[in-house]
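What follows is calculated from the coordinates using simple rules that are stated; it is not laboratory data. This one's a predicted model, so the numbers in the text were calculated from it and none came from an experiment. With ideal geometry, Cβ positions are generated from the backbone for all residues, glycine too; neighbour counts draw on all protein chains shown.
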Amino acid sequence: MTESKQEAKPLTGWRVLVPRGGPWGDGVAASLRAQGAVPVVAPLINFAPTTDQASLDDALAQLAAGAYDWLTITSATTVDVLFAHRAVIPPSTKIAAVGETTSAALAAVGYHVDLVPEDDNSAEGMARQIIGLEPAPKRILTLRSEIAKPVLTKSLIKAGHDVSSVVAYRTVGVPVTDRIMRDVQNGRINAILVTSGSVAEQVREQFPDIPDTTLLAAIGPRTAKDAKRAGLPITVVADKQTVDALIDAVSHFTLPHAADEFAP
């Protein structure tokens, strides 16, 4: 009876690499377990402190004091930074998350989310929606990575808003353990979740010899495009930028071979 229940789960026998840790990674791991998979949490990227910590500290202090009408978050890594700084976001400040992944990361650490772009999960889509909602000038804090293009900031300023654009972090790669490296190379990892362009770059760099049987799943068309630019051959693209859609996309495939728990 137990065996039939396991067989009813679409990802029974799969070992899936989750490329981010923290609360978000824990949530993805739980979702994978619910589908029968064995999650392997192996953070490939992390954030390093901004080179202008004073500006970030000042922005977060103003944020806590209620100086901003809106806070825009364009990546789950920015959420990690907020959490690490124990940032206080008052109820009077509305939070816009670029997509469901970022929204889920905010919710996982206890922050409220007021806006997720309905159709276009991008900086441009977020800017259009905020501009449509706010005809009068508002004070907006945009937190971004060091390498992010200031598309959102420029669009909001052009629309007449008072925008503070602050670098929250630098993205750095995190080397995986030798065990994870071996498990990927010998095909013991059946699927790798690719959740951002930065993750795609690390997958390409850290795993130069990925077996053809390993499924590479991208969390939406934008990430798939970034992965292709990084030279990563994506197997399947989730139709929405959500974890549920990503896991669902993987579940439509048949496991190439049973996971070998005793692989060397």
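Results, tabulated for the structure shown:
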read-out	value
Shape metrics for the stretch 147-189, restricted to C-alpha atoms - Rg then Dmax, Å	19.8, 55
Under the Karplus curve 6.51 cos²θ - 1.76 cosθ + 1.60, θ = phi - 60°, whole-Hz ³J(HN,Hα) for the stretch 130-144, x wherever Gly or Pro sits	5, 4, x, 7, 10, x, 8, x, 10, 8, 10, 9, 10, 9, 8
Simple Cβ-charge dipole of the chain, Lys/Arg +1 and Asp/Glu -1, about Cα centre, in debye nearest 20	260 debye
Prolate/oblate/rounded call for the stretch 184-264, Cα gyration tensor, a/c under 1.5 rounded	oblate
The stretch 214-250 versus the stretch 90-136: alpha-carbon centroid distance in Å	22 Å
Over the stretch 1-136, relative contact order from alpha-carbon pairs under 8 Å, at least 6 apart, %	18 percent
For Val163, distant residues with modelled amide H under 5 Å away	Ile140
Links that overshoot a 27 Å alpha carbon limit, given the list Lys138/Lys240; Lys9/Lys225; Lys94/Lys149	Lys138/Lys240; Lys9/Lys225
Two-decimal ratio, the stretch 29-73, of alpha-carbon radius of gyration to 2.2 N^0.38 Å	1.92
Sorted largest first, extent of the chain alpha carbons per principal axis (Å)	59, 37, 31
In Hz, Karplus ³J(HN,Hα) per residue of the stretch 152-162 (6.51, -1.76, 1.60; θ = phi - 60°; x = Gly, Pro)	4, 4, 4, 5, 5, 5, 4, 7, x, 7, 8
Distant-in-sequence amide H partners of Val40 (H built 1.01 Å from N, under 5 Å)	Val16, Leu17, Val18
Backbone HN-Hα couplings from phi across the stretch 206-215 [Karplus 6.51/-1.76/1.60, Hz, Gly and Pro as x]	8, 10, x, 10, 8, x, 4, 6, 7, 7
Values of log10 I(q)/I(0), in the order q = 0.12, 0.17 Å⁻¹, for the stretch 118-264 under a Debye, Cα-only, solvent-free model	-0.63, -1.00
Long-range HN-HN contacts of Ile95 with modeled amide H, under 5 Å	Leu71, Asp114, Leu115
Average Cα contact separation per residue, the chain, under 8 Å, 6 or more apart, as relative contact order %	20 percent
Cα-based Rg / Dmax (Å) for the stretch 81-193	17.7, 57
Whole-number percent relative contact order across the stretch 124-242, with pairs defined as alpha carbons under 8 Å at least 6 apart	19 percent
Options Leu232, Val184, Ala123, ranked by Cα towards positive dipole end of the chain, top entry (Cβ charges)	Ala123
